[in-house]
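The values are calculated or read from the model by the stated rules, or taken from the named source; none is laboratory data. The structure displayed is predicted, hence computed values, not measured ones. Please note: Cβ atoms are built from the backbone with ideal geometry, for glycine as well, and neighbour counts cover all protein chains shown.
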Amino acid sequence: MNASASVPTSAESLRTALGGLLDGLPPKQATAAVDRLIASYRGRTPTDSPVLRDRSDVAAYAAYRMPATFEAVRSALDALAEAAPRWSPGSHVDVGGGTGAATWAVDATWDGPRGTTVLDWAEPALALGKELAAASPSQALRAAEWRRAVIGAGLALPEADLVTVSYVLGELTPEARRAVVAEAARAGQAVVLVEPGTPEGYLRIREARDQLIAAGLQVAAPCPHDGTCPIEVGQDWCHFSARVSRSSLHRKVKGGSLPYEDEKFSYVAATRFPVEPVPSRITRRPQIRKGLVLLDLCGPQGEGLTRATVTKRHGDLYKAARDADWGREWPPATP
C-alpha cells in the first residue's frame with residue numbers, strides 16, 4: 001500500500017536522527033569534509049575506492065547530502081508507486097546505499113513489513129547508517145541489514161522486489177557501471193536508478209535505461225514508453241526537481257540561509273511486472289501566464305516532445321494546469 005501520507009513524518013524522523021550528528025565534530029573539520037565532498041560530488045572523475053573515508057566524512061555527508069538524496073529518491077519512488085498502485089515491495093536492496101537515504105525514502109513510500117539490505121564499500125557509512133536507522137520509529141529500518149560489498153564488476157545481489165541505486169553510477173568506471181546495472185536488472189523485480197540532474201547524470205541514466213530495457217524490463221517512469229528517448233544528446237537533458245526543507249543543521253553545514261533548496265535529479269524506474277505508465281509527463285516547470293499555462297511534455301512513443309497550451313476555455317483542465325508540478329503526469333488522472 002502506498003504510504004505517501006506518512007512522508008512528512010518520515011522526513012521529520014530523518015531530520016531528528018540527523019540533528020545531533022555533528023555534535024563534537026570540530027567546525028573546521030566538518031567544513032573541510034563538506035568542501036571535499038562537494039568537489040567529489042560535482043566532479044567527473046570516477047573512482048574505484050570509497051568517497052567516504054572516516055567518521056567525519058560520513059557525518060558531513062549525511063548532514064550535507066541525505067536530505068536531498070531522500071527527497072530525490074522519494075520523488076522517483078512516488079512515480080513508480082503511481083505506475084504500480086497495487087504493488088508494494090516486500091524486500092529491498094540498496095546498492096551503494098551509504099548512510100541509507102534511499103531506505104528512508106522507500107519507508108516513506110510504502111507501508112508494510114519489508115526486508116532491507118544496504119550494501120556499501122565504506123564501513124564508516126554503514127556504521128552511521130545503522131546508527132541513524134536505529135533511531136527511526138520504523139521497524140523495517142531498525143531491522144535493516146548493513147553489509148559491506150565492493151560496488152562494481154563482480155557484485156552479486158540477492159534477489160529482491162526492489163533494487164535502488166542512487167547517486168552511485170557517477171562514482172564508477174563505465175565497465176563497473178554497466179556491471180552494476182546488469183546485476184540490478186537480474187536481481188530486481190523493480191529497479192530504480194537516480195543520478196544528479198546534470199547533463200552527465202542524465203546520460204548515465206539514459207545508458208542504464210537502454211540496458212534495463214534490453215534486459216527485459218519495462219519502463220515505469222518517468223518515460224511514457226520504452227522507445228528511444230526523443231531528446232537530442234547535447235541539446236537538452238531530462239531531469240526533475242525535488243523541494244528539500246532545510247533544518248538549522250542543514251543550513252549550517254551547507255552555508256545557506258534559505259529554509260529550502262531544490263535538488264535536481266535524473267532517474268529511471270523499470271519493472272518486470274505490468275505497470276500503468278503516464279500518458280505524458282511534464283518535463284519542465286510549468287509556465288503560468290495571464291489566462292494560459294504552457295506545459296512541456298514527453299508523450300507516447302512516436303509523439304516525442306511537445307508543448308501544450310492550456311487556456312481558461314479548457315475549464316477544469318486549466319485549473320489543473322495551474323496546479324500542475326514539474327515531473328507529474330498530464331493530463332492528471334481522474335479520481
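Taking region 106-125, which residues are free of Cβ contacts under 8 Å to residues at least 60 places away in the same chain and either closer than 17 Å to R74 by Cβ or not assigned by TED's automatic domain parsing to the domain that holds L172 (or both)? Hits for region 106-125 are V106, R114, T116, V118. The condition of being in contact with a strand residue (DSSP E or B) (Cβ under 6 Å, 6 or more places away or on another chain), more than 27 Å from T173 (Cα to Cα) and either modelled with pLDDT of 75 or more or not in a helix (DSSP H, G or I) (or both) does not hold for A76.
If a residue has to be surrounded by 22 or more Cβ atoms within 10 Å (Cβ to Cβ) and either part of a loop (DSSP other than H, G, I, E, B) or of a type in the set (F, W, Y) (or both) to count, how many in region 207-222 make the cut?
2
For region 192-206, the criterion of being touching a Leu at 6+ places or on another chain (Cβ under 7 Å), crowded, with 19+ Cβ neighbours inside 10 Å, under 14 Å from R272 (Cα atoms) and among the β-branched types (V, I, T) is met by at least one residue.
Taking the listed residues A143, A101, A134, A156, the one that is in contact (Cβ under 8 Å) with a residue 40 or more places away in the chain and not β-branched (V, I, T) is A101, with no other qualifying.
Taken together, G97, G154 contain a single residue that is within 22 Å of A81 (Cβ to Cβ), assigned by TED's automatic domain parsing to the domain that holds L18 and in a loop (DSSP other than H, G, I, E, B), which is G97.
For L132, the test of being buried (at least 18 other Cβ atoms within 10 Å of the Cβ), out of contact with any Pro (no Cβ under 6 Å at 6 or more places or on another chain) and modelled with pLDDT under 95 is passed.
Residues that are modelled with pLDDT under 50 and among the small types (G, A, S) were ranked within region 1-20; the one that is nearest to A76 (Cα to Cα) is S4. Within region 135-151, the set of residues being buried (at least 19 other Cβ atoms within 10 Å of the Cβ) and either in a loop (DSSP other than H, G, I, E, B) or in contact with a Pro (Cβ under 9 Å, 6 or more places away or on another chain) (or both) comprises S136, S138, A140, A144, I151. Residues in region 162-202 that are within 26 Å of L128 (Cβ to Cβ), acidic (D, E) and modelled with pLDDT of 95 or more: 2 in all. Only residues that are among the β-branched types (V, I, T) and modelled with pLDDT under 95: list them for region 79-104, please. Hit for region 79-104 is T99, nothing else.
When the residues of region 164-190 are filtered to those that are surrounded by fewer than 20 Cβ atoms within 10 Å (Cβ to Cβ) and of a type in the set (S, T, N, Q), the one that is nearest to A72 (Cα to Cα) is Q189.
Would it be correct to say that E276 is acidic (D, E), out of contact with any Pro (no Cβ under 8 Å at 6 or more places or on another chain) and at pLDDT below 95? For E276, the condition - acidic (D, E), out of contact with any Pro (no Cβ under 8 Å at 6 or more places or on another chain) and at pLDDT below 95 - is not met. Can we say W87 is of a type in the set (F, W, Y) and over 23 Å from E195 (Cα atoms)? Judged against the criteria, W87 is a match. Being part of a helix (DSSP H, G or I), more than 20 Å from Y64 (Cα to Cα) and in contact with a strand residue (DSSP E or B) (Cβ under 7 Å, 6 or more places away or on another chain) holds for only one residue in A102, A81, and it is A81.
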